[in-house]
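Working notes, beginning with the structure itself.
The values are calculated or read from the model by the stated rules, or taken from the named source; none is laboratory data. Small disclaimer: the values here were computed from a predicted structure and weren't measured. FYI the Cβ positions are ideal-geometry reconstructions off the backbone, even for glycines, and counts take in every protein chain you see. Accessible surface is based on the protein model in full, side chains and every heavy atom, while ligands, DNA and RNA are left aside. Shrake-Rupley method; radii C 1.70, N 1.55, O 1.52, S 1.80 Å.
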Amino acid sequence: MSAVEFDLTALLLELRRARDDDHADDEDETTDSELARTPSERREFIEDLCLELTDGDACDVVRDDVTRRKVTNAIRAFGELGAIERARLMDAMCSNLSVLCASASAREREERQEGDEEISWTRAALKAYVGFIFHVCERCEKESTSFDGVAAVAAAGKGKKAKTKSQLVEWRWDEQRERVVHVMAGVLDVDLWQVFRPKQPEEEFLLLFVRLGSMCLENSAAMKSKVTKRATFEMMGSCALKWGQLEQVTTALIHLLNKCEHLPGPIAELASNAADRFENAHLAAALIREVGRVDPYDYKVQQASDAVGVRCIGAFLSEIAERMPKTTMTNMSMLMPHLDGEAYSLRSAIVSVLGHLLISQKDVVAVSDHHDNGTAPLLRSKQGFLDLLVERVHDTSAFTRARVLNTWATMAEAKAIPLSHWLVVADLAIGRLHDKGALVRKAAMGLLASLLGYNPFAPQLPSATFAESLKDYEAKLASMTPPADENEEVEEVKHPDAPQKAQNAPTEGDANAAVHLGGGIEAVRTMVAALKTALGFTVQLSGTVAILCNLLTSSVASDVTEAIGLLVRMRQFNVDGSTEGIRRLLGLIFSRDQVIKDAVVEAVDVLYLSNAESPLVAAAGLSELAATAALGELAALEDVLKALVLSERLPSNGAVTKALWSTVSSSECSNNRKAAAINVLTMCARTNPEIVRGHIGTVCAAIEASLSGEKKSPTLCRAACCALTVVRAKDGEPLERGHPVFAELAKVLHPAAPLAGRAWFPSAEQAISALYSLHPDPEHTFSEIIKAFATATFSGNSLDKIPTAVLARFLFVLGEVSLRHLVHIEKLARSVRMARIERDRKAVEAKENGEGDDNDLAAAMGEGAVTEDLLLDNTRERVESELLAMKGAAHGLIAIYAPFVVQLCSHPAVVQGPELLRGAALAALTRFMVLDVKFCEDHLKLIFARLKVESDKGTRAAIIVALGDLAFRFPNAVEPWTEHLYGIREWGNSLHDTDAGVRQHAITVLSHLVLNDMMKVKGHISEMARCLEDPDPRVAGVAKLFFHELAQKHGNPVYNLLTDLLSRLSTDEDISPDAFKRIMTRLVGFIDKERQAESLCEKMCARFAEAVLAETPKPARDIAFCISQLNLSEKAFKKFTEAWKQYEAALYDHEVHASFIALCQKQKRAAKPEAKQFIEVYEAKLNESHVERAAAYNVSARAEGKETVAVTVILKEEEDVANEALAETDEANLPECEGEATEENAVVDETVERATSKTSGEQDENVAPKIATPPVSPPKRRSRKAAV
């Protein structure tokens, strides 16, 4: 057969037909008898064929018919070959193809005539080898994707000997592919114009390379090989740009883009490599044009059916813009129409493209009018792109809005944001912190962090520094500016707003642009402009702290963690107000989400430990944080330090700990700084007591220093005493009686202690706690202390002449010792119980080991455990009762003074006396009441009476906290006083107190009792619901947290309370209608189960019968509003419509009607077409009934001289507008990203107007006013770029 007649198409069809026959029937035999059937014969045949190919001429595969037939049969039976045969055959084919390519390249340099026979044979052989190898590649790729390649190889090698060799050599197509594709790519390096002359290279021949490259690109495993990847890129690039197959390659790549999710990056890299290799960007341009040529509507349809394809197209555009910005810029006009398309993935990608183009043009700056005009088009396009990015931040899709913010962040990192846009971008980010999408809020915080980290102003951003510098430079500029006439002054006023001349210098460069202007007045003007921008940026950031603090309370974990990270970044840059934000985030250590807790610990570690310049700086930072923290913040800081100690980031014997102790022992440090350092060490020691135990002497010295000298330090004394409370470990032994620490504590608890006024009480409290913790016999010690205080108080003084401070100290010691002794008793009982449990555990272990006697056996079986527990409990209760025993041998010191304390609390001299004495007496009485239930019941009336008339807000708050403790210890005793504990109007205290601090204490105590089931949730819970609208945000915050936690309890108690809350709040005259709606919106929002919503709807509808009989429409309005806030299922809504007779009489009121219309609008959003039609019919029925009943009511009202009601008419045109707006709102609110925050308040469409009531003299008779007018033209479809 002549080489000229070689038909590549026929060869491929023959090979493909044979392969299809093999798949259709595995038992088919080859038609050629030359291919042996047994494995050994087949292997011998392949060996001979490979030797024949390698020893002979490469063109023999087409020149010799026998060789061609053998190769064809071998390739047809490739699936039946074993691993060794496959590898040998492919080696031979690839070697011959390489030799053939080298021979063809060598002949190119030789002079020859057009009819050279060798070139013809070379061309035929080249086509044959390419066809054979392509067929093998196609088959192997299918085998690898269907996971039957190994099975096919294993099936080919039968027999014991064949199996052994197959185990030694495995067929690895991933490795073979590298060589095959490399050799095939080398074919395209040959001058095919000379090989195929006088014709062009056949398109079918070149398409084999395109198909082979497409197969490699489609296989994600193949793209992980650098050799395969490089060869594939060379193959596709050569076909497109060297051999005229640009259209076919572009089509193949676009098809793969829509199909394979892993290809956007590789295809962009392919286009970039091809452009670099051939200095031709036509492939990249063709791909971009092919993407842009598609109609935006088609991408919208594809987005709904195959979102992956559109997403891949977008990712490719972003990648190609990053790699080839100039080419992308040239073809940007093809992509711009898609920026207003319906496919949000493509819009997001084009936003990224704009960002990459702006980064590539970041050096395009207009310095002056004399600048080269060649940059003018680029400058205009740059300004246009910036404007597009600013505008696109209001896109309807949360994904696109987030992509815009991320693009700005990338530009900030690349220093591609012009100074003129710096404040604009910061303002955009701050505004998006209120976005409804969690993804957008996260991106906004990331953008602010990037703006901070890459700001061109300074490493520290306190506004005061920039304000001072700006003031100085403005004065300098004023002194340098020469006097000018009026016209020049006018020009100078307008000059800063102009986009050219000197103004471009500070706005298009960075803060150091003055260096490039050669100094002088222009440099000063540049510096003034830069300082103004810097000052504005710092002011923007300081205003953001409050928003970030609000985000710390978000229910979305990403909001909280990102806000924490941004606050940390702000604190590192010393932004004004960031310290307050850091203190606020400490409380999140109590979060239930471990991710948030870890973020808080990481924040403290980053700010105060890992990034500190030295241990002394770290110690000073922690001390300052503890010194400025509030009480709740200190508790949070303690948990944070505990986590740091446990994780070894704050070692017990580390450098920071040593630096803190050196601060305590230093004579140069102030007492307040020493106290802060001791507080930090105490917090750490609660995890590891060894931190303080080894420095008891230093703590004692601190106590001595706080009590001596001219300036006493109550703060240091309290901190040192508190540190001593953590010295003893949980199972540790007490200190010896003669230990020096007891002498120091005795100085604090002496009646004549040098600390004056109220400052003594906190120190005394901690000293008492330390003595009970460390002393081996605290009962005897405190008996002596009480006697000493009694002697100092009563010896030689009548009751009227006792100093107030002395008596207050005595009462404080009495109350505190009684409470600590109760705790001490419970601690002893707990230690006895733990000892018994440990004894039983050891007995069980002894029994398992076959050891122990009969007593151990009985203990292991639990005999006597119940009796011992009962005896222990009886003993503990008897000991506790002896504390206030007034008769018998158990008559103790506390019991002796109990009657005195009771009489003192009701004595007129004390009631009307100093606040210090009143507070001490009431505190002692409440502590005595904790000891005994009978004593508590006898004196509860006295406590509530004192609470009612108490004038000091601090004392009132303390009494409320004490009552909470009593309710927790003796719930049955306090239960009859529940109304007084809530503080109803007759008492006027507690939740109705005039002081916000007292109200906060009250709602906190009540929340604790209710959530821990210590107090029943009765009707007075409405008093707590009123706190949701408390003017003080702290009280309202606690109330919100209470109802949130209450709704999380089993059975959702809010559901059972909601109808009662509705009745009580609706009749409360102190609650305005708007406040009622806000309260009920929040409470109804906790009803998230369909059954509960349906049941509530039925109950509320049944209340209309009584509501319509009221004198005012307010009850019916409130019920209708609550129903409109429920999330009803389709079934529940139909039941609501069936209850028409129950609420029909109330439809005369326009607010009731508006609430039901809002409910219908909300139901339409998620309704199916048939259900939506049902809702529209019901809505029409509502409108008709409202008009009729309102008209009838107005006739009756005018006859009786009452106020008439307005009538709301919804015109057909307005209803269409409302439905369209509702549809667009639903489209904007699609669940585009996880964690999107839901609106707390239901949104009622603005087209549903509500008319206020008017008197009969204000409207015509029997005429229902039209509240809204129809639009003059059909509503237009809203643009995608202005929906948010």
In nm, the gap between the two label points placed 7 Å beyond Cα toward Cβ at Ala557 and Ile802 is 5.8
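Which loop GluC sites (Glu not before Pro) in the range 1027-1128, with loop taken from DSSP, have no more than 11 other Cβ atoms within 10 angstrom of their Cβ?
Details: sites: Glu1029, Glu1045, Glu1069, Glu1090, Glu1094, Glu1098, Glu1106, Glu1111; in loops: Glu1069, Glu1111.
Counting only loop positions with at most 11 other Cβ atoms within 10 Å, the GluC sites (Glu not before Pro) in the range 1027-1128 are Glu1069, Glu1111.
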Expected sort for 1179-1187, 759-767, 355-363 on mean C-beta neighbours within 10 Å, highest first, is 759-767, 355-363, 1179-1187
Full extension between Val832 and Asp55 adds, at 0.36 nm per residue less the Cα distance, a length in nm of 270.1 nm
Between the alpha carbon centres of the range 917-945 and the range 663-730 the gap in Å comes to 34
Accessible-area order for Arg43, Arg1189, largest to smallest, probe 1.4 angstrom, reads Arg1189, Arg43
A chain fully extended from Asp174 to Lys300 at 0.36 nm per residue, minus the present Cα-Cα distance, gains in nm 41.5 nm
Given the candidates Val556, Leu567, Val528, the one whose Cα lies deepest towards the positive end of the charge dipole of the range 520-597, counting +1 at each Lys or Arg C-beta and -1 at each Asp or Glu C-beta, is Leu567
Order by accessible surface, 1.4 Å probe, largest leading, for residues Lys300, Lys674 comes to Lys300, Lys674
Label model pair Ala523, Asn874: point-to-point distance (7 angstrom along the Cα→beta-carbon line) in nm is 9.6
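Heavy atoms only, 1.4 Å probe, whole protein assembly: order Val351, Val595 by accessible area, highest first. Intermediate values should be presented prior to the final figure.
On the way: Val351 0, Val595 90 Å².
The ordering from most to least exposed comes out as Val595, Val351.
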Counting only protein heavy atoms and rolling a 1.4 Å probe, one gets per residue an accessible area for the range 510-653 in Å² of 43
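Using +1 on the beta carbon of Lys and Arg, -1 on that of Asp and Glu, and nothing else charged, what's the dipole of the range 995-1143 about the Cα centre, debye to 20? Mind showing how you got there, number by number?
Working: 21 positive and 21 negative charges, 82 e Å.
Computed about the Cα centre, the dipole is about 400 debye.
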Trypsin sites (Lys or Arg not before Pro) in the range 696-771 lying in a DSSP loop, each with at most 11 other Cβ atoms within 10 Å of its Cβ, come to Lys711, Lys730, Arg737
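Given a Förster radius of 56 Å and the C-beta distance between Gln903 and Ala464 as r, what FRET efficiency does 1/(1 + (r/R0)^6) yield to the nearest 0.05? Walk me through the numbers before you get to the answer.
Working: r = 59 Å, r/R0 = 1.05.
Plugging the Cβ-Cβ distance into 1/(1 + (r/R0)^6) gives 0.40.
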Set Lys199/Lys226; Lys597/Lys674; Lys1099/Lys1168; Lys226/Lys300; Lys127/Lys229, cut-off 32 Å on Cα-Cα distance; pairs above it are Lys199/Lys226; Lys226/Lys300
Simple spin-label estimate for Ser610/Thr978, 7 Å along Cα→Cβ, in nm, reads 5.1
Between Thr867 and Glu648, the FRET efficiency computed from the C-beta separation at R0 = 56 Å comes out, to the nearest 0.05, as 0.75
Karplus ³J(HN,Hα) for the range 275-281 (6.51 cos²θ - 1.76 cosθ + 1.60, θ = phi - 60°; Hz, whole; x = Gly/Pro) runs 5, 5, 6, 9, 6, 8, 9
Expected field for Phe1136, accessible surface area in Å² at 1.4 Å probe radius, rounded to 10, holds 0
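Stretch Val823-Ala1199 to full length: gain in nm at 0.36 nm per residue minus the Cα-Cα span? Please report the intermediate quantities before stating the final value.
Values: separation 376, 0.36 × 376 = 135.36 nm, distance 7.46 nm.
Between Val823 and Ala1199, full extension yields an extra 127.9 nm.
Determine the sum of side-chain charges near Gln302: Lys and Arg each +1, Asp and Glu each -1, restricted to other residues whose C-beta is under 11 angstrom from that of Gln302.
So the surrounding residues net to -2.
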Karplus-derived 3J(HN,Hα) from phi for the range 731-738 (6.51 cos²θ - 1.76 cosθ + 1.60, θ = phi - 60°), whole Hz, x at Gly and Pro, runs 10, x, 8, x, 6, 5, 4, x
